[in-house]
Amino acid sequence: MEYKFPQGFLWGSATSAHQVEGNNFNDWTEWEKVNAKRLVQEAKNKWQPWQQKKFPEMFNPENYISGLACDHYHLYEQDFEIARSLGQNAHRFSVEWSRIEPQEGKFNEAEIEHYRKVIAALKQRGLEPFLTINHWTLPVWFAARGGWENKESVKIFAKFVDRIANDFKEEIIYWITLNEPWIYISHSYLRGIWPPQKKNLFSSLKVFKNQIYAHKSAYNIIKSYNPEAKIGLAENNIYFEGWLKWFVRRWINQGFLDEIKRQTDFIGLNYYFHNKIRGFKFSHNDNEKISDMGWEVYPEGIYYVLKKLKNYNKPIYITENGIADSEDLKRAKFIKDHLFWTHKAISEGALVRGYFYWSLLDNLELDKGFWPRFGLVEADYKTFTRKIRPSAYEYAKICRENKIVN
Ligand code: BGC
């Protein structure tokens, strides 16, 4: 059977600045230095014996230091050339706030020029840019002022947005204000595993509120420069099953979206997880199919999640979906299966307009470090050479033909 995607469907892959660029200076780079050794210690209990054996890098503190990452900051043209050669016609990336505004209120013209070149390099290759304004990492000065907990954070962020919205008003149509607010809040302010490592409900509610205002003000600012711009945010949605599903879906999947639905032109969906709730336990995998990170592979879930998002009656872009698979044995099927269920959701009315595989390149999986390999393209972290994985060619066929064949 052939499953055709709508005309004009966007096919791409995604990255984020801190995870690929290298040589950054932000709240995460400072956190990595302080926490690398602890993360090595914790790896022993955190990962299964087969994972520890397969990825001994997790016991090296260097694994957790972003350092030069994939040096995408210098190699972006080569990387976009690969994306183009793989039949992609769109690309999601983020700008690094700490580069553009290294001190509060002081903008670095050279870095703005850098991103202008990045955008031009995408466009020259027929890749529609989707610009994420903030994919979690923060300038050190912003974090020192209380980060997103500070009630001034909305105004401070708005000044940054004002600058880039003006700079790129002619180049960028698709803007993503924030990446996965819920994941950020839960990891940084509830579970306390990401910087600033708080476990405080009150703080998390402040961050939630401030990020809602931050999104809304970014929306208004960008529209004031270009009323034709399309502005959304990327939210992680989990397919929940079990008795608490109504409640958790409302909070985790829809909490943020419900607040900003009037100030969003599209919804960015990041889909990775299926969660069966038993008692008060959330279980990720009771399925044999897992990624290198032990994450359950559950393609049907994207269908159920899309069916719920359909209720917002907005265009949807799948802004992330991907698998850590160092041997590239599961990736091609993973992509195809998720697209099969996406197609089903489209045929039942979900307005899905594009798909971005996470990620174009292997990259820094934040607190896990470099060992998880999500890339369509393998990155050698010593020589910075790229090697296209076989699954990338299979995805390329889908992108070129705008269809999957099952
Ligand atoms: C994030 C990415 C991350 C990916 C895989 C998403 O939640 O936006 O930054 O690398 O998941 O964990």
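Annotations for the structure displayed:
- Segment 339-406: relative contact order in percent, alpha carbon pairs under 8 Å with at least 6 residues between: 20 percent
- Inter-probe distance in nm under a simple model that places probes 7 Å from Cα toward Cβ, at R250 and K151: 2.8 nm
- Relative to its residue count, segment 169-247 spans a Cα convex hull of 125 Å³ per residue.
- Taking the Cα centre of the chain as reference, the dipole from Cβ charges on Lys and Arg (+1) and Asp and Glu (-1) amounts to some 1220 debye.
- Point-to-point label distance, Q197-E113, nm (Cα→Cβ direction, 7 Å offset): 3.9 nm
- Environment charge of K151, counting only residues whose C-beta is closer than 14 Å and scoring Lys/Arg +1, Asp/Glu -1: +2
- Near G22: Cβ cut-off under 12 Å, other residues only, Lys/Arg at +1 and Asp/Glu at -1. The net charge is -2.
- Value of Rg/Rh across the chain [Cα atoms, Kirkwood radius]: 0.93
- Entries in K281/K333; K159/K223; K333/K397; K159/K216 that, when Cα-Cα distance is taken, lie over 19 Å: K281/K333
- Rounded to 5, percent antiparallel among DSSP beta bridges of the chain: 20 percent
- Here segment 350-370 and segment 229-305 have alpha carbon centers that stand 15 Å from each other.
- When you restrict to C-alpha pairs under 8 Å that are six or more residues apart and normalise by the size of the chain, the relative contact order lands at 21 percent.
- Of the two radii for segment 70-214, the radius of gyration is 1.00 times the Kirkwood radius, both from the alpha carbons; that is the Rg over Rh value.
- Of K46/K106; K245/K344; K37/K209, those spanning more than 31 Å from alpha-carbon to alpha-carbon: K46/K106; K37/K209
- Cα gyration tensor shape for segment 159-293, rounded if a/c is under 1.5, else prolate or oblate: prolate
- Length-normalised contact order of segment 160-256 in % [C-alpha pairs under 8 Å, at least 6 apart]: 37 percent
- With the simple model of a label 7 Å out from the Cα in the direction of the Cβ, S283 to L329 spans 2.4 nm.
- R0 of 22 Å, Cβ-Cβ distance Q124-E228: FRET efficiency to nearest 0.05: 0.55
- In this structure the amide hydrogen of T132, modeled in the peptide plane, comes within under 5 Å of the amide hydrogens of F93, S94, V95, I176, none closer than 5 places in sequence on its chain.
- Look at the dipole of the chain built from charges on Cβ: of G255, T383, Y298, the Cα furthest out on the positive end belongs to G255.
- In the chain, taking the dipole from charged Cβ atoms about the Cα centre, the farthest positive-side position among S204, G12, N108 is held by S204.
- Spin-label zone in segment 130-165 - amide nitrogen under 15 Å from a point set 7 Å from the Cα of Q103 along the C-beta vector: 140-142
- Gyration tensor (alpha-carbon) shape descriptor, segment 285-377, a/c threshold 1.5: prolate
- Its Cα centre serving as origin, segment 44-187 has a Cβ charge dipole (Lys and Arg +1, Asp and Glu -1) of approximately 440 debye.
Read-outs: derived from the displayed coordinates by stated rules, not from any lab. Remember, it's a predicted structure, so these values are computed and weren't measured experimentally. Glycine gets a Cβ as well: all are built from the backbone with ideal geometry, and neighbour counts include every protein chain shown.
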